[in-house]
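Worksheet: one structure, shown below.
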Amino acid sequence: MPSVKMFTGVGIPLEMHKVRIVQKLRLIPIEDRLKAIAEAGNNTFLLQNRDVYLDMLTDSGVNAMSDHQLASMITADDSYAGSETFTRLADKLTEIFGTKYFLPAHQGRAAEHILAKTYVTEGSVVPTNFHFTTTKALITLYGGSVDEVLIDEGLKTTSTYPFKGNSDIAKLRTVIEKTGPKKIPFMRLEAGTNLVGGQPFSLENMKEVRKVCDEYGIMLVLDASLLQDNLYFIKIREESCKHKTIREITREIADLCDIIYFSARKLGAARGGGIITNSEKAYRNMRVLVPLFEGFLTYGGMSVREMEAMAVGLEETMDEEVINQGPQFIEYMVNELDRKGIPVVTPAGGLGCHLNAREFIPQVPQDQYPAGALGAAMYIAGAVRGMERGTLSEQRNPDGSERLAEMELLRLAMPRRVFTLSQVKYAIDRITWLYENRALVGGLKFVEEPPVLRFFFGRLEPVSDWQTKLAAKFRADLGDSL
Ligand SMILES: *Cc1c(COP(=O)(O)O)cnc(C)c1O
């Protein structure tokens, strides 16, 4: 369903929920923001939440829960083994995905760890539409590598192509032929492709991927963490799916997979995660690792309250008026910025609005981390916290040289049902101000660089005094306004 048409003015996304619990926010003055970002080593991961007005870092574990989810948490059945809550969750997964087996894990990457440890060995190659940070790190940890087969259109920041998360079937064949199917433990398909801007794949493309996997006898593994946005986009953008229900589309997708794993910090608006499959062999292979890494098989590191909320959240995910909220707010934000000529990834995807840092601040070279610099500037401009998705999020090459990312994006995630339209309008206003003053933004350099997943803990500083100048300009333009 498109945004609601207004009798006066342009269409707006309409909240299909009302607010019943609120959390007080603080908006600190620009001097304090300047101090806070310096103390955080210019890394938005290291900011204190009390210094942040709009936390658009991630959609992970920060989506608003429904009244039914919260209520269900009280009735959760707390027991180490044989918990009724676990049975309810397992049954819900079976009902929705048609899969027999469920292995619980404490979050998405824990599921990835179990998969990688079970299937990846020295020299393994995992073809994927596009990698995700934790997936790639874990596959690499066990001696494997990922080989991306995303369609070329997927890496074009501005586009009208509706399914930029699609796999290029010819590229997939080339990877398989070049590597040999024996060295390929599985093909990994990621729904709502995170690192290219929350872009979906189409059901038709997924069917083609499945066909190739069948031809070579390769397992198809779905990362369903961002499935809910992908489902919505399939429903509204894929002609042949217009008349299908979200439930029917979900089932069709699940039937194409050998293994599905997910982060329930996103899918199901709860916490936790897990792996589901119909293959008894895959289940048995992976099962041994759950008690070792996660916890007993009936909780896998999750609290029963989380599991109960997940079961309800998964059911709510089957409701189009629930899952359209994220994409519609994102579309509004992306279209407003695009209209002003501000470089954003188009078409609007799920997950959030992505600023294209390379075009936003072309004066900052890639080895000075433009997306990271834009993240620091965005915090200074509006106490809005985004996440760098560019070269900083990459790992250096074995010889120590920088691995320059294909895209330099600042992700402004839209936690689902959390922000009001005025807050989104505020973010748009501060981005617009920053864009007017983009010439003032400079680069960053590392002062402390961890060897693995450096974007989480790394500390950086500005290459010049550009941040002080940016703050002075803000004061000159907006006076005493926060
Ligand atoms: C978030 C995410 C993960 C990891 O999930 P966590 O629960 O954060 O560990 C894996 N894959 C994708 C596509 C994700 O977006």
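Taken together, the values in this text are just the output of simple stated rules run on the coordinates, not laboratory data. As the structure is a computational prediction, the values presented were derived from the model and not from experiment. All Cβ positions, even for glycine, are placed from backbone atoms using ideal geometry, and neighbour counts span all protein chains on display.
Put in line by how crowded their Cβ is, counting other Cβ atoms within 10 Å and starting with the fewest, T160, T133, T317, T44 read T160, T133, T317, T44. Ordering T85, V149, N205 by the projection of their Cα atoms onto the charge dipole of the range 67-319, which places +1 on the Cβ of Lys and Arg and -1 on the Cβ of Asp and Glu, puts V149 at the extreme positive end. Computed extension gain for E153 through V10, at 0.36 nm per residue and net of the alpha carbon distance, reaches 48.5 nm.
For the chain, the share of DSSP beta bridges that are antiparallel, to the nearest 5, is 65%.
Helix 466-478 versus the longest principal axis of the chain: what angle, 0 to 90°, nearest 10, using Cα atoms? On a 0 to 90 degree scale, this one is about 70.
Each Lys and Arg adds +1 at its Cβ and each Asp and Glu adds -1 at its Cβ; summed about the Cα centre, the range 381-482 shows a dipole of about 440 debye. By the scheme Lys and Arg +1, Asp and Glu -1, what is the net charge of all other residues having a beta-carbon under 13 Å from that of V221? Net charge in that neighbourhood comes out at -2. When the range 67-319 is described by a simple charge dipole with +1 on each Lys and Arg Cβ and -1 on each Asp and Glu Cβ, the residue from H243, T317, H131 located farthest towards its positive end is H131. For a modelled paramagnetic label at D67, 7 Å from Cα along Cα-to-Cβ, the residues of the range 7-30 in reach, with backbone nitrogen under 11 Å, are 18-21. Here each label is just a point 7 Å from Cα along the line to Cβ, and for L453 and D255 those points are 3.7 nm apart.
When you restrict to C-alpha pairs under 8 Å that are six or more residues apart and normalise by the size of the chain, the relative contact order lands at 22 percent.
How far is helix 421-436 tilted off the main Cα axis of the chain, in degrees rounded to 10, range 0 to 90? So the inclination is approximately 60 degrees. Taking Lys and Arg as +1 and Asp and Glu as -1, the other residues whose beta-carbon sits under 11 Å from that of I176 total +2. Separation of the range 56-89 from the range 257-286 is 16 Å, based on Cα centroids. For the range 67-319, what does the alpha-carbon gyration tensor say about shape, rounded, prolate or oblate, given a ≥ b ≥ c as the root eigenvalues, a/c under 1.5 as rounded, and a/b over b/c as prolate? Here the range 67-319 falls in the oblate category.
Going from the residue with the fewest nearby Cβ atoms within 10 Å to the one with the most, S422, S393, S303 rank S422, S303, S393. Residue-wise HN-Hα couplings along the range 454-463, as the Karplus relation 6.51 cos²θ - 1.76 cosθ + 1.60 with θ = phi - 60° gives them from phi, are 5, 5, 6, 10, x, 10, 10, 9, x, 6 Hz; Gly and Pro carry x.
Rounded to the nearest 10 degrees, the inclination of helix 246-255 to the longest alpha-carbon principal axis of the chain is 60 degrees. Computed from backbone phi, the HN-Hα couplings of the range 337-349 come to 5, 4, 4, 8, x, 7, x, 10, 6, 10, x, 4, x Hz, rounded to whole numbers (Karplus: 6.51 cos²θ - 1.76 cosθ + 1.60, θ = phi - 60°; Gly and Pro given as x).
Under a model in which nothing but the beta-carbon of Lys, Arg (+1) and Asp, Glu (-1) is charged, the chain shows a dipole of about 260 debye around its Cα centre. Summing +1 for each Lys or Arg and -1 for each Asp or Glu among the other residues whose beta-carbon sits under 12 angstrom from that of G301 gives 0. Charged side chains reduced to their Cβ positions (Lys and Arg at +1, Asp and Glu at -1) give the range 202-280 a dipole of some 460 debye around its Cα centre.
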